[in-house]
1. Given only helices, namely DSSP H runs of n ≥ 4 each adding -39500 (n - 2.57), what is the per-residue ellipticity at 222 nm of the chain, to the nearest 500 deg cm²/dmol?
2. Where the eigenvalues come from the Cα gyration tensor of the chain, what are the semi-axes √(5λ) of the equivalent ellipsoid, largest first, in whole Å?
3. Just the Cα atoms of segment 118-240: what Rg and Dmax do they give in Å?
4. Using alpha carbons only, how many degrees (0 to 90, rounded to 10) separate the axis of helix 203-214 from the longest principal axis of the chain?
5. Return one number: the angle in degrees, 0 to 90 and rounded to the nearest 10, between the long axis of the Cα atoms of helix 2-22 and the longest principal axis of the Cα atoms of the chain.
6. Could you name the lysines in cross-link range of Lys75, using Cα to Cα under 30 Å and dropping any fewer than eight places away on the same chain?
7. How big is the dipole moment of the chain about its Cα centre under a simple scheme where the beta carbon of each Lys and Arg is +1, that of each Asp and Glu is -1, and everything else is neutral? Debye, nearest 20, please.
8. Angle check, please: helix 327-344 long axis (alpha carbons) against the longest principal axis of the chain (alpha carbons), in degrees 0 to 90, nearest 10.
Amino acid sequence: MKLIGSVVLAALVLTSMSLLAQEPARPPAAGAAPAPAAQPRAPEPASSQELEQVAKMADDLMWFERLSDIADVDKIEITSSKPIRMKNPTAKGAGNPLIIYAYTFVPKHIADGKKLPLLVFVHGGVHANFDTSYVHIVRELIGRGYIVAAPEYRGSTGYGRAYYDQIDYGGAEIDDTHTVRDWAVQNLAHVDGERVGIMGWSHGGYHTLMNIFRWPNDYKVAYAGCPVSDLVMRMGYSSQGYRNTYAEFIGKQAEDDPMEYRRRSPVFHAAELQTPLLVHSNTNDEDVNVMEVEHLIDALKANGKKFEYKIYENAPGGHHFNRLDTALARQSREEIYVFLARYLKP
């Protein structure tokens with residue numbers, strides 16, 4: 001009820017702002033001189049961040065509505081292991097840990113004392129969030145006996161401008177995801193801390209790779225779908241506008257500090273792989289070019305790493321090919337689930 005009330009209140013506030021901006025002037029009192037003609041005022045539009053906050057609250061309702069038959073759905077607020085990023089290092093609150101968000105999905109009717117494997121499911125999109133476009137996949141995972149935790153790492157949308165601006169591409173955002181992993185292991189009664197996997201597509205695949213490279217003992221298995229893998233190469237095949245966006249994320253252009261982009265690229269950490277890993281890519285991916293993922297595959301092979309991969313040939317759907325509700329997507333996801341189950345034994 002509290003969540004419903006928040007959605008209604010936010011919608012009413014935004015609607016009221018729009019209506020007030022358009023409200024016509026009241027007529028003058030009897031006998032009074034007519035007021036000068038007022039120039040029409042266009043309503044002040046709500047900011048994109050305000051609209052995204054309302055959309056996020058509405059989407060949260062959908063999570064509860066669409067999964068309540070099979071899962072206990074919750075949303076948590078916890079502190080990251082990394083601090084708030086502030087321009088003034090001596091300002092009030094500087095150094096405080098950032099408050100981050102996450103969803104948890106626990107299958108209903110778990111027997112007392114029973115433990116289930118945990119999957120950390122990381123959303124893609126950088127400035128995006130874990131919305132209900134993933135609901136069919138979460139439902140599939142719950143049906144296979146997993147507890148799911150989905151981090152809303154810093155920079156995710158739907159939490160206001162300040163949270164949006166906290167983005168730290170390949171930096172503290174990676175720690176946020178690991179923080180959610182640790183919280184779930186320590187606080188969800190039915191999680192088996194010895195059976196934890198991580199998965200994600202695109203930027204979520206990037207998080208997956210960076211997590212297993214940094215904390216190899218914390219994950220039994222990993223899946224990275226069409227993962228961002230090589231930021232140096234990515235800047236090479238992207239437009240200047242795209243490169244400018246990454247400069248905002250990281251603090252400088254790749255040409256000004258290529259080694260920093262290298263440090264934040266999974267491909268240059270290939271020697272650190274210890275976790276069983278499955279990678280998928282698609283030759284017609286319009287976002288993460290297949291050659292970027294091939295570079296990761298080549299680097300893993302060059303370092304003698306044991307892993308599994310599959311490159312799909314012009315699979316319909318491009319970057320999203322195996323997240324869709326198609327026969328091919330379901331078949332591909334079944335390959336993922338078989339791989340995960342080999343190590344997590346749900």
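Coordinate-derived values only; no laboratory data. Given the structure is predicted, the values throughout are model-derived calculations rather than measurements. Neighbour counts are summed over all protein chains in view; Cβ atoms, including those assigned to glycine, are modelled from backbone coordinates with ideal geometry.
1. One gets -12500 deg cm²/dmol as the mean residue ellipticity at 222 nm.
2. The answer is 40, 26, 20 Å, longest axis first.
3. 14.5, 48
4. 50
5. Helix 2-22 and the main axis of the chain meet at about 40 degrees.
6. Within reach: Lys2, Lys56, Lys87, Lys92, Lys108, Lys114, Lys115, Lys220, Lys345.
7. My answer is approximately 560 debye.
8. For helix 327-344, the angle is close to 60 degrees.
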